[in-house]
Amino acid sequence: MTADNIILYQWILVIASSVAMIWVSPFVTSDKDFFQGSKKEETPGFLVLTSSLVISWLFAKSIANAANLGLNFGIVGGFAYSAYYLSFVVCGIIVYRMRKIGGIPSIPAFLEIKFGRKALLLFSVLIGIRLMNEVWSNTMVIGTYFGDTGSFPYYLAITVFTLLTMAYTLKGGLRSSLITDLIQMVLFVLLLTAILGLIFPSQEMTVRSVTASGSWTWEGGLNLLLAALLQVFSYPFHDPVMTDRGFVTDTGTTQRSFLAAGFIGIMCIVLFSLVGVYGKLIGLEGEASVVVARQFGPVMMLLMNFIMITSAASTLDSALNSFSKLWVIDLGIPQLKNIKSGRLAIVGLTLIGTIPIFLGAEILSATTVSGTMVLGLAPVFLFWKDRSRSTSFFLAVGAGLLMGIMYAFEVPLPNFTEGKYNQLLSYNVFGFILVFVSYFAGKIFDKHVE
């Protein structure tokens, strides 16, 4: 099979899978169905919600990162990255308590009621930036399978994929996303099974070689693991793709779905990191998913491409829906709280989120810089029941933003450990302490002002 034939088959996969999603997506006319994912007012069940949670977080860049960490650090890299998926457990428990004990209808409503409109606006800016990043960081991954970065095939693939995904999202909003997520989750499992089925007959892939492929040292990936464990107390709350799904069905189903999603997500990331582990064992270098796929030939390349398409589409439609709800429901004025405005918001984010690609932007690291920037959300949600005011919110969130900006500009901090990601760990340790100190300093300040 020639390279041109592979590209042709990839185009068939993109178009056929997208058309199928458009076909199965319902055209909804109810606001509740569009923004909350219900079916004729009936809320989503456990299987649908769990599948949607997992696949919307197995985005293309995420599984590519898992494979690369497997290539660089062995199985330890896979486990380190999978720690981010404990976010489901943290978020699920806190959202359950917020709803059960506090009767809170949504994260934005909680922030506005407790900390005021300005706090909600700052929070909305943070998650708006994340959602925009989700659009272009995932579609850029797809583009690289069709041509070199900046080439016409690269841009064409991104444009076609994005428009087709937007089309089925426009039809049914969050309802479409939940339905297609279930299908995409099944596809992901089948594709992952097929990929591992090609790798594991290799003589290099034994239980002993896999377990010995990495070292549980700071240099071997523990820096990233500990940083992830610190970030899971704040990271999920700046992702409306996750938190929005915490309010669409009853509390019992929600809690069970979030806990199950955490376990399944960890398993999927660790298993996909084995792609990189295989590459490490046979001495490959480069982008793990690409170089390993080339090692096995056209069938593996098509499987890898299809799993990336599946993952990117599920994340993209979820990001578009979350932005639609944010703009229309959480921030919108009463006269604009309707499906028409929601669909216009989807089109708007598609355009805004795609523009950076044509300006030559690099893919941002969604789980390092932004994860550090939102550390300030940890005390806000861990202590959601206390009587803190807006001062605590702005001091904590501001401290996190400061640490994230410093990390992005590579301002050095003292290191606790050696190896890659030691600065990430230092920033998260110092940042974690700083945001909690800032939060309680705000409480002390408000108390004296009274």
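Throughout, read-outs are computed from the coordinates displayed, never taken from laboratory work. Note that the structure is predicted; figures quoted are calculated from it, not measured. Reconstructed Cβ throughout: ideal geometry from the backbone, glycine too, with neighbour counts over all protein chains shown.
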Practice item. Mind putting a number on the dipole of the chain about its Cα centre? Charges go on the C-beta only, +1 for Lys and Arg and -1 for Asp and Glu, and I need it in Debye to the nearest 20. Key: 1240
Review point. Distance from the Cα centre of the range 22-101 to that of the range 371-412, in angstrom?
Key: 24
Study note, to complete from the structure: For the range 57-109 the translational diffusion coefficient, Stokes-Einstein from a Kirkwood Rh over Cα pairs at 25 °C and viscosity 0.890 mPa s, in µm²/s, is roughly 189
Practice item. Tell me which label goes with the value of P(r) over Cα pairs in 20 Å bins from 0, in percent computed from the coordinates here: [x] 26, 61, 12, 0; [y] 26, 58, 16, 0; [z] 24, 56, 19, 0. Key: [y]
Exercise for review: Could you rank the peptides 118-127, 49-58 by their average count of other C-beta atoms within 10 Å per residue, with the highest value first?
Suggested key: 49-58, 118-127
Check your understanding: At Leu156 and Asn5, where each label point lies 7 Å from the Cα along Cα→Cβ, what is the point-to-point distance in nanometres?
Key -> 2.0
Review point. Taking the Cα-to-Cβ direction at Phe358 and at Ile12 and moving 7 Å from each Cα, how far apart do the two end points lie in nm?
Key: 3.1
Review point. In whole angstrom, how far apart do the alpha carbon centroids of the range 324-363 and the range 198-213 sit?
Key: 45
Exercise for review: Please give the length that would be gained between Lys447 and Trp23 if that part of the chain were fully extended, namely 0.36 nm times their separation in residues minus their C-alpha to C-alpha distance (nm, one decimal).
Suggested key: 146.9 nm
Exercise for review: For the range 3-362, build the charge dipole from Cβ charges (+1 Lys, Arg; -1 Asp, Glu) around the Cα centre, then report which of Gly77, Gln10, Gln184 sits farthest towards its positive end.
Suggested key: Gln184
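Order these by the 10 Å Cβ neighbour count, fewest first: Met21, Met205. All intermediate terms of the calculation are to be shown ahead of the outcome.
Values: Met21 24, Met205 17.
Ordered by Cβ neighbours within 10 Å, fewest first: Met205, Met21.
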Revision key, fill the gap. Length-normalised contact order of the chain, Cα under 8 Å, at least 6 apart, in percent, tallies to 29
Exercise for review: Take the chain, connect every pair of alpha-carbon atoms lying under 10 Å apart with a spring to form a Gaussian network, then pick out the residue of Tyr421, Tyr235, Tyr85 with the largest mean-square fluctuation.
Suggested key: Tyr421
Review point. Using 0.36 nm per residue, how much length does the chain from Ser30 to Ile333 gain when fully extended, once their Cα-Cα distance is taken away?
Key: 107.2 nm
**Study point:** Thr206 paired with Leu344, simple spin-label distance in nm, labels 7 Å along Cα-to-beta-carbon
**Key:** 6.5
Check your understanding: By how many nm would the segment from Ile93 to Thr217 lengthen if fully extended, with 0.36 nm per residue of separation less the alpha-carbon distance?
Key -> 41.6 nm
Point to revise | the range 269-293-the range 105-127 distance, computed between alpha-carbon centres (Å) | key: 41
Review point. So which residue, out of Gly150, Gly353, Gly279, gets the largest mean-square fluctuation from a GNM of the chain using Cα contacts under 10 Å as springs?
Key: Gly150
Review point. Does the range 368-450 come out rounded, prolate or oblate by the C-alpha gyration tensor, with a ≥ b ≥ c the root eigenvalues, rounded set by a/c under 1.5 and, if not, prolate when a/b is larger than b/c and oblate if not?
Key: prolate
Check your understanding: How high is the relative contact order of the range 368-450, in percent, counting Cα pairs under 8 Å that sit 6 or more residues apart?
Key -> 43
Exercise for review: Given the options Gly252, Gly376, Gly74, state which has the largest fluctuation in a GNM of the chain using a 10 Å cut-off (strictly under) for Cα springs.
Suggested key: Gly252
**Study point:** Computed [θ] at 222 nm, deg cm²/dmol, the chain (DSSP H ≥ 4; -39,500 (n - 2.57); rounded to nearest 500)
**Key:** -24000 deg cm²/dmol
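Order 303-314, 187-198 from most to least packed using the mean count of other Cβ atoms within 10 Å.
Ranking, from highest mean packing down: 303-314, 187-198.
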Practice item. Return the FRET efficiency for the residue pair Val437, Val411: r is the Cβ-Cβ distance, R0 is 25 Å, and the value is rounded to the nearest 0.05. Key: 0.85
